[in-house]
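S.K.: My questions all concern the structure below.
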Amino acid sequence: MMRYVIFAAVGFVLGGILFSYYIPKWIKHIDIREKSPDHNPGTANAFMLAGSAVGLLCLGCDLLKGYVPVALAMQSLDAANLAFALVLIGPVLGHACGPFNNWKGGKCIAVSFGVLMALLPVDASVWVLILSYLAAVVLMRRQPNEKKTAYVYGVLAVYEGYQWLAMGRSAVAVGILGICGIVIYRNLSGMRGRGAEKDKIVQK
């Protein structure tokens, strides 16, 4: 059990390094939390405010901080053990909490993709996520990005529920269900927070 906890803790620490916040600040001297409409330290804002080169660097780092700890864990731990769910959740929870940024984290999209990519070819959940995103882009064009993301991860949660109950893949499914819950919460809470800010501005 201790080895699973160690991998989960390492993933949490890596996840807590908000590359998409720090890299634009170091290279371009831009605070994307301050300048972006949603104040999110994420890859999309890095692209928008710091340019494509910096954005690609941020994307790569955010993917890798989810991919690396899980890929290493896949080589030395039993992915069928229920404790492996903690390993999957660790990087995403770290990004959501932002322990090195006054506990202000991000929306966890890139890091969760990295985690799911590390499960290939054992688990194909990342393809469910990609296809769901493509469907959301077509069907929910006028909806806020946070709502699209919540829908996409809701679809993934349903798929993982099937994997757990019908296919018996409990450890990975439980881990990904935890990831879905974190991502949905962070995106919907971010959308509500932005709405509250608009209401304050209108009232003023």
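S.K.: Residues of the range 89-149: accessible area per residue at 1.4 Å, in Å²?
M.R.: Heavy-atom SASA per residue in the range 89-149 reads 49 Å².
S.K.: Could you report the range 1-62's accessible area per residue, 1.4 Å probe, as an integer in Å²? Provide the component values of the computation, followed by the final result.
M.R.: Numbers: 3220 Å² over 62 residues.
Normalised by residue count, the accessible surface of the range 1-62 is 52 Å².
S.K.: Further, regarding this structure: Given springs between every Cα pair under 10 Å in a Gaussian network model of the chain, which of GLU146, GLU160, GLU34 has the largest fluctuation?
M.R.: GLU34
S.K.: How many nm separate the modelled label positions at SER76 and SER170, each set 7 Å beyond the Cα in the direction of the Cβ?
M.R.: A separation of 2.6 nm, rounded to one decimal place.
S.K.: First select every other residue whose beta carbon is under 12 angstrom from the beta carbon of CYS180; then total the charges, Lys and Arg +1, Asp and Glu -1.
M.R.: 0
S.K.: Note down the net charge around ARG141, summing +1 for each Lys or Arg and -1 for each Asp or Glu among other residues with Cβ under 13 Å from its Cβ.
M.R.: Once all neighbours under 13 Å are counted, the net charge is +3.
S.K.: Compute the Rg to Rh ratio over the range 1-80 from the alpha carbon atoms, using the Kirkwood formula for Rh, and round to two decimal places.
M.R.: My calculation puts Rg/Rh at 1.11.
S.K.: In debye to the nearest 20, how big a dipole does the range 46-167 give about its Cα centre with +1 on each Lys and Arg Cβ and -1 on each Asp and Glu Cβ?
M.R.: The dipole of the range 46-167 has a size of about 500 debye.
S.K.: Name the residue farthest towards the positive end of the dipole of the chain from the options SER170, ILE27, PHE113, assuming +1 on Cβ of Lys and Arg, -1 on Cβ of Asp and Glu, about the Cα centre.
M.R.: So the residue we want is ILE27.
S.K.: Using a 1.4 angstrom probe with every protein chain in place, what is the largest-first accessible-area order of LEU120, LEU56, LEU156?
M.R.: Listed by decreasing accessible area, they come as LEU56, LEU120, LEU156.
S.K.: Follow-up question, since we're still on this one. Count the net charge of all other residues whose Cβ sits under 11 Å from the Cβ of LEU49, scoring Lys and Arg as +1 and Asp and Glu as -1.
M.R.: Once all neighbours under 11 Å are counted, the net charge is +2.
S.K.: Using a 1.4 angstrom probe with every protein chain in place, what is the largest-first accessible-area order of ARG169, ARG33?
M.R.: ARG169, ARG33
S.K.: Still on this structure: At a 1.4 Å probe, what is the % contribution of carbon and sulfur to the accessible area of the range 124-167?
M.R.: 68 percent
The values are calculated or read from the model by the stated rules, or taken from the named source; none is laboratory data. All values reported here derive from a predicted model rather than from experimental measurement. Neighbour counts are summed over all protein chains in view; Cβ atoms, including those assigned to glycine, are modelled from backbone coordinates with ideal geometry. Surface areas here come from the heavy atoms of the whole protein model, side chains and all, with no ligands, DNA or RNA. Shrake-Rupley method; radii C 1.70, N 1.55, O 1.52, S 1.80 Å.
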